[in-house]
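Undergrad: So that we are looking at the same thing, I have put the structure below in structure tokens.
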Amino acid sequence: YQEQVLLRFYQDGEDEAYLYKLRLIEELKEALECEVSPLFMNYQPKLNMNTGKIDKLEALIRWINKEGNFVNPELFIDLAEKAGLIVSLTRWVILEVIQQTEQWNKMGYRFKVAINLSAQDIQNEQFVDYLLTTVNDHQVSTSQITLELTERDIAENEALVVARLSHLKSLGFVISVDDYGIGQSSLAKLKSLPVDELKIDKTFILKLEQCQKDQDIVASTISLGHKLGLSVVAEGVENKESLMLLNDFQCDYAQGYYLSRPVSAEKFIEWYKTYES
Ligand code: C2E
Ligand code: CA
Ligand code: CA
Ligand code: CA
């Protein structure tokens, strides 16, 4: 009897989680069609450690659902991928980010802004066209747009994706390998990829000051990245000690809560003005 109760409990629990996800998918569909969108972008600076300036940002999506709660981006991005919504979601992101970048250009702030892509985006036949048309429709240059994708996204349909990335790179877009070091990273592969930037995954950075092994991994990844001609970014920089270590290791860019959390475009500019002054 007890076993049956337990079983029921778990099934109910799963149903609930399942129904919640279905509801989120439906709501996300609506959100993508809404005129006043409940989706918005946050921006997080990447500090140029060679100049001490902020010249790059990462755009990160946010969603406040009908109940007024933030939904975890990892959760709804995953759902969007499974529900076939990611291509339209990414289009929304691309337009939003390019409009914002144009607005900053007009204000005299020229940043390189990174957009996160999913495997399905880069494999989509219309992707390059959409991205290029959107850039051309705005006063933004291709070199201001960075595309972040993981090695796993690249590996999914490698020949096609590599060809597409080469094309994008030749158009001037910046290509970045995200979450480097976790999963099936391979040095041999990195050598043959048309990429410009390497982002060391935050799991190696979060406790950098406490962990000698992480320091060894990070230092050698940076020097490897440099040998391959790549700009290296460390994400998840939460304290001064890790920033100093990254500086010692000659890391090119640092990104993390220690500098700034991801914030709205308005808040970012406020922060930027005090930072630069
Ligand atoms: P990601 O691309 O690896 O983004 C970095 C994540 O680390 C972000 O989480 C960011 O807020 C967080 N982060 C930044 N600095 C720190 C730090 O110092 N400490 C810690 N603990 N975390 C830090 P977020 O915004 O929750 O996004 C999670 C993931 O969702 C992203 O990981 C990315 O894979 C995905 N994502 C976010 N926005 C988009 C988007 O517009 N499109 C797509 N396709 N995926 C997105
Ligand atoms: Ca990213
Ligand atoms: Ca990352
Ligand atoms: Ca990621």
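The values are calculated or read from the model by the stated rules, or taken from the named source; none is laboratory data. Treat the numbers as computed from the prediction; the structure is a model and nothing was measured. Every residue, glycine as well, gets a Cβ built from its backbone with ideal geometry; the counts of neighbours run over all protein chains shown. With ligands, DNA and RNA removed, areas are computed over all heavy atoms of the protein, side chains included. Shrake-Rupley method; radii C 1.70, N 1.55, O 1.52, S 1.80 Å.
Undergrad: Working only within the range 51-95, note down all residues that are in contact with a strand residue (DSSP E or B) (Cβ under 6 Å, 6 or more places away or on another chain) and among the charged types (D, E, K, R).
TA: Passing the criteria: D55, K56, E58, R62.
Undergrad: Right, something else. Restricting to the range 59-77, and then to whatever is of a type in the set (A, V, I, L, M, F, W, C) and farther than 14 Å from E26 by Cβ, can you tell me which residue is nearest to ligand 4 (Cβ to nearest atom)?
TA: Among those that are of a type in the set (A, V, I, L, M, F, W, C) and farther than 14 Å from E26 by Cβ, it is I77.
Undergrad: Provide a single number: the residues in the range 75-96 that are under 16 Å from T134 (Cα atoms) and in contact with a Ser or Thr (Cβ under 9 Å, 6 or more places away or on another chain).
TA: Adding up the residues that qualify gives 8.
Undergrad: What do you reckon, is A119 within 16 Å of ligand 2 (Cβ to nearest atom) and either at pLDDT below 95 or within 16 Å of the chain's Cα centre (by Cα) (or both)?
TA: Values: within 16 Å of ligand 2 (Cβ to nearest atom): yes; either at pLDDT below 95 or within 16 Å of the chain's Cα centre (by Cα) (or both): yes.
It is true that A119 is within 16 Å of ligand 2 (Cβ to nearest atom) and either at pLDDT below 95 or within 16 Å of the chain's Cα centre (by Cα) (or both).
Undergrad: Test S185 against the criterion of being away from ligand 3 (no atom under 16 Å from the Cβ), among the small types (G, A, S) and open to solvent by 30 Å² or more (accessible area, probe 1.4 Å), and give yes or no. If you could, list the steps in order and put the result at the bottom.
TA: On the way: away from ligand 3 (no atom under 16 Å from the Cβ): no; among the small types (G, A, S): yes; open to solvent by 30 Å² or more (accessible area, probe 1.4 Å): yes.
Taking the combined requirement at face value, the residue does not satisfy it.
Undergrad: Name the pairs whose Cβ atoms lie under 8 Å apart, with the first residue in the range 54-77 and at pLDDT 95 or above, the second assigned to a loop (DSSP other than H, G, I, E, B) and within 12 Å of ligand 4 (Cβ to nearest atom), and 6 or more positions between them or separate chains?
TA: I77/S118
Undergrad: Right, next: Grab the strands (runs of 3 or more DSSP E) fully contained in the range 22-131, keeping just those with 2 or more residues being farther than 30 Å from D248 by Cβ and not polar (S, T, N, Q).
TA: Correct list: 39-48, 54-63.
Undergrad: Ok, one more. For residues in the range 153-194 being within 16 Å of ligand 4 (Cβ to nearest atom), modelled with pLDDT under 95 and small (G, A, S), which is nearest to T134 (Cα to Cα)?
TA: Ranking the candidates gives A155 first.
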